[in-house]
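Encoded as structure tokens, the structure appears first; notes follow it.
None of the figures in this text is laboratory data; all of them are computed from the coordinates on show. Just so you know, these numbers come straight off a predicted model, no measurement behind them. Cβ: placed from backbone, ideal geometry, glycine included. Neighbour counts: every protein chain shown.
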Amino acid sequence: MTPTGADVTRPNPIDFSLYLISDRQALPKGRDLLTVVEQALLGGADAVQLRDKDLPASERLALARQLRTLTRRYRARLLINGSVDIALAAEADGVHLGASSQPVAEARRLLGPKRLIGYSAHSPKELALVADQGVDFVTFSPVFFTPSKATYGPPQGLQRLADACSVSPVPVFALGGIDLSRVAAIRQAGAQGIAVISAILASTEPRVAAQALNAALAEN
């Protein structure tokens, strides 16, 4: 299935569908982030976003470099949330921006044309505003309720996701409350893929969770 918003002629075609966002707080007690991320990569996650913005810059850079080693090993993408400097220093594939980040045009100037820029959109209007500014893809959230996105208002729902996908010139990833039972409907709405946190990180078997999500994406 080719999502409505996908455009394979874009300079940086998006070649992933299972986008894992890091959050150390979502891990079961005693679990190490790098170990869980590697299990997710083994299970088929093909892109990782380093979020964890609470870390000091030096620790975040060290973690980014460790994740770069892992993602290269499994031929997955690595994006850094909100920091062009760390993305460049860690040789990441790009950055993920939002309304509070630096402007897309400035990030593009610093990153050059080949690195990826993702963007967190929380309404169809916001998506439309950034789609022509040089982003390569967007996450659209919250599609379903999730505590981590509660401050952005009520869930968008599948119809608004479908509306966003139908008009977006860049691939759209559904984010917020995503679990295995919702993947088929998300793909039917036209999304390129899913962005997840707890669906993998909170699982007692992250590799199995990633495999199941990856298989569901491939089937729809």
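Some points to look at:
- The stretch 155-218 and the stretch 14-93: distance between their alpha carbon centers, rounded to Å: 18 Å
- Screening the chain for whole DSSP H helices of 18 Å or more along their axis (Cα) with average Kyte-Doolittle hydropathy at least -1.0 returns 57-73, 206-219.
- Peptides 122-133, 207-218 ordered by average Cβ neighbours within 10 Å, highest first: 207-218, 122-133
- Dipole in debye (nearest 20) - the stretch 18-219, about Cα centre, beta carbon charges: Lys, Arg +1; Asp, Glu -1: 220 debye
- Extreme residue, positive dipole direction of the chain, given options N81, L41, L70 (C-beta unit charges): L70
- When each of the peptides 54-62, 190-198 is scored by the mean number of other C-beta atoms lying within 10 Å of its residues, the order from highest to lowest reads 190-198, 54-62.
- For V48, the residues whose modelled amide H falls within less than 5 Å of its own, excluding neighbours fewer than 5 places apart on the same chain, are L20, R77, L78, L79.
- Only DSSP H runs of four or more residues enter the estimate; each adds -39500 (n - 2.57), and after division by the residues of the chain the mean residue ellipticity at 222 nm equals -11000 deg cm²/dmol.
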